[in-house]
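Right, one structure below, let's go through it.
No lab work stands behind these numbers, since they all come straight from the coordinates. From a predicted model like this one, the values you see are computed outputs, not experimental measurements. We place every Cβ from the backbone using ideal geometry, glycine too, and count neighbours over all the protein chains shown.
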Amino acid sequence: MDETVVEYIRRTVLKIPRDKIKAVLQEWDFLSEKQLQTIKFNQIKENISYDVAQLCEENFADIKQAAILDIIYNYTYPNKRLWSVYQMRKTGGGTETFDLQVLKKKFKRQLRSVLKNVTINFREYEDSAIWIRIAWGTPYTKPNQYKTSYVVYHSQTPYVFISPSVLKSNLPLLCQNFQTYCPKPIQERNVAPESEDLRIIQENRSEKERIKRLNREVFGDGPQPQLEFAQYKLETMFKSNPKMDVLDKEPFRCLVKFSSPHLLESLKSLAPAGMADAALSPLLTCIPHKARNYFKIKEKKAFSPESFVTR
């Protein structure tokens with residue numbers, strides 16, 4: 001039994017808020033429910049971590065199990081890390097089908113062909129996110145489990161999120177395995193479904209087709225990356241006749257925040273549901289393309305929109 005693995009698990013437990021430790025361990029699913037019942041979760045975290053470590057030692061935990069627990073922690077608390085966003089460009093033509101098993105094999109093979117001492121672990125989530133944990137070593141040392149890189153990839157999008165930054169020489173190894181395109185709209189036959197009311201007027205049908213086309217051009221057909229909020233700061237001035245000079249010349253400022261359990265999917269559904277005109281404002285549709293959710297909008301002299309914070 002590797003004592004360093006147990007110690008790593010113990011330190012991971014210490015990072016979790018005390019009232020969330022049990023839920024995280026249940027999601028981990030390495031300790032049985034009977035073992036979890038032996039842990040007093042109302043004691044101090046230091047004692048909880050030692051109880052968990054003892055049970056993991058009894059279960060002969062290995063580095064794979066320790067890595068999975070670390071992934072679960074980082075997925076649950078992603079804001080604890082700094083992330084860099086990379087937008088990739090497609091090389092070559094044709095349509096590709098995403099296959100997670102193929103991605104795993106290629107990723108491991110290409111990375112280990114250059115770096116022998118490296119541990120790689122994957123975990124897929126329901127929001128189509130693939131989390132990859134990488135612990136780097138050297139030709140003469142084992143991978144350092146306390147200095148890891150994370151790669152988060154949403155299939156069918158051209159964006160990869162990496163934390164923390166990696167060596168420039170290793171960055172192409174991380175990125176070249178992913179699909180690098182947004183899916184193109186599938187051409188549909190011009191045939192009305194059997195359930196469609198044939199008395200529908202041509203104008204309404206054309207409008208629905210126009211909304212569908214515009215929505216696809218902006219969002220594509222695949223699932224959207226999960227985002228919970230977007231925030232805009234507006235700085236403008238009231239306009240009036242310069243000769244009258246009756247309005248305050250100080251800038252008018254306001255803050256607008258959009259929030260939702262799945263903001264991009266919500267925006268995507270607005271026009272088809274008849275709740276907004278198509279196409280949506282570029283200030284909203286630019287979010288997935290710019291990979292940002294903080295924007296500052298100024299007068300024309302400031303090249304709107306301009307980002308002041310990136311995520």
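Order by neighbour count: Thr38, Thr12, fewest other Cβ atoms within 10 Å first, most last.
On the way: Thr38 11, Thr12 21.
Placing the least packed residue first, the sequence is Thr38, Thr12.
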In whole Å, largest first, what are the principal axis extents of the Cα atoms in the range 38-92? 55, 25, 13
Packing-based exposure ordering (other Cβ within 10 Å, fewest first) of His289, His154, His262: His289, His262, His154
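What is the ratio of the Cα radius of gyration of the range 3-77 to 2.2 N^0.38 Å, where N is its residue count, to two decimals?
Working: Rg = 10.8 Å, N = 75, 2.2 N^0.38 = 11.3 Å.
Normalised Cα radius of gyration, the range 3-77: 0.95.
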Relative contact order of the range 3-77, pairs being alpha-carbon contacts under 8 Å that are 6 or more residues apart, as %: 49
